[in-house]
Amino acid sequence: MVGLVNEWFTVKNALDVGSGCGILLNVVATQMKKEGSSGRVVGQDRSKMMSLLSTLRTMKIEGVGEYVTCREGDPRRLLFGDGYLDILVSAVSSTPSEKSMSIRRWKGASRRR
């Protein structure tokens, strides 16, 4: 899945919607670190702050804490405006039996610096 993005070093702003315990968040942050990105990935989840703090602690243990921020929020209301994000990822299932993962480069969001 991370192979769908050719130039992770250009990613400045990524969002993991429904980040939960941070598995996909960790994958994105690890890839950003590996490719030398100076960006950040935000994990947005409905979880309470204690769960989000636990996810942040895990990211620090994994060595990618400097790339990660977690925010509490409804996934139907994204925390960022149009054009802000370079990448949006999600591993959220709409039904218990459905497993879906997606990654999308937002149209017009890729900014060369």
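What the table below lists for this structure:
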item: Local electrostatic count, Glu66, Cβ distance below 13 Å [Lys/Arg +1, Asp/Glu -1]; result: +2
item: Summed residue charge, Cβ within 12 Å of Val27's Cβ, Lys/Arg positive, Asp/Glu negative; result: 0
item: Inter-site label distance for Cys21 and Arg71 at 7 Å from Cα along Cβ, in nm; result: 2.5 nm
item: Alpha-carbon centroid distance for the pair the range 48-68 / the range 70-92, whole angstrom; result: 17 Å
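Bear in mind these aren't lab numbers, they're just calculated from the coordinates by the rules spelled out. Being a predicted model, the structure only gives us computed values, none of them experimental. Using ideal geometry, Cβ is built from the backbone for each residue, glycine included, and neighbour counts are taken over all protein chains shown.
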